[in-house]
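Shown next, in structure tokens, is the structure this report addresses.
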Amino acid sequence: MDLTGKVIAIMEARGGVSARTGNPWMTQEYVIEIPGTYPRKMVFNIFGEDRIKQFNIQAGEEITVQFDIDAREYNGRWFNDIRAYNIIRGQISQSVPAATPFPPQQPAASAPQAAASPFPPATESSAEGDADNLPF
């Protein structure tokens, strides 16, 4: 998955030594803001000291983050992990579309108008007392 946005926060790098393998590890989290009518924010992490240094992300940069999403369980609760595997610098000219909550709907070209509506057509009541009768 890809998202393009501006880096608005860089968290402190964390590290340690793996209890299982004994190897050192390092991770760092970043926050980007995705532009739009309602700007959204996403926090992602980069795992590995070599990758953190390779990408060298700075606050205020316009980047495209290529990432994978995974979830893990801990003490009966689930947590999402958004891990970046590549960073592309600079603004991408609409090759990576901004995420939208719902795709725009295309009207059917050959479908009649009545079939496109999910509701039946309204009917006029001829009786005088039926005007205030609601079905509920």
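Listing for the model above:
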item	result
Subset of the stretch 39-69 (residues that are over 12 Å from the mean Cα position of the chain (by Cα) and assigned to a loop (DSSP other than H, G, I, E, B))	G48, N56, I57, Q58, A59, G60, E61
Where a residue in the stretch 1-14 is farther than 13 Å from K41 by Cβ and its partner, wherever it lies, is exposed (fewer than 12 other Cβ atoms within 10 Å of the Cβ) and of a type in the set (A, V, I, L, M, F, W, C), with Cβ under 6 Å and at least six apart	I10/A59
Hits in the stretch 1-15 - residues which are surrounded by 11 or more Cβ atoms within 10 Å (Cβ to Cβ) and either of a type in the set (A, V, I, L, M) or in contact with a Leu (Cβ under 7 Å, 6 or more places away or on another chain) (or both)	L3, V7, I8, A9, I10, M11, A13
Any chance I87 is out of contact with any Phe, Trp or Tyr (no Cβ under 7 Å at 6 or more places or on another chain), of a type in the set (A, V, I, L, M) and not in a helix (DSSP H, G or I)	no
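Results for (1) surrounded by 11 or more Cβ atoms within 10 Å (Cβ to Cβ); (2) modelled with pLDDT of 95 or more; (3) farther than 14 Å from T4 by Cα, shown as yes or no for each residue.
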site: V17; (1), (2), (3): no, no, yes
site: G22; (1), (2), (3): no, no, yes
site: I32; (1), (2), (3): yes, yes, no
site: G36; (1), (2), (3): yes, no, no
site: G48; (1), (2), (3): yes, no, yes
site: Y74; (1), (2), (3): no, no, yes
site: R77; (1), (2), (3): no, yes, yes
site: D81; (1), (2), (3): yes, no, yes
site: R89; (1), (2), (3): yes, no, no
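The values are calculated or read from the model by the stated rules, or taken from the named source; none is laboratory data. None of these values were measured; they are calculated from a predicted model. Cβ sites come from the backbone with ideal geometry, for glycine too, and all protein chains shown count toward neighbours.
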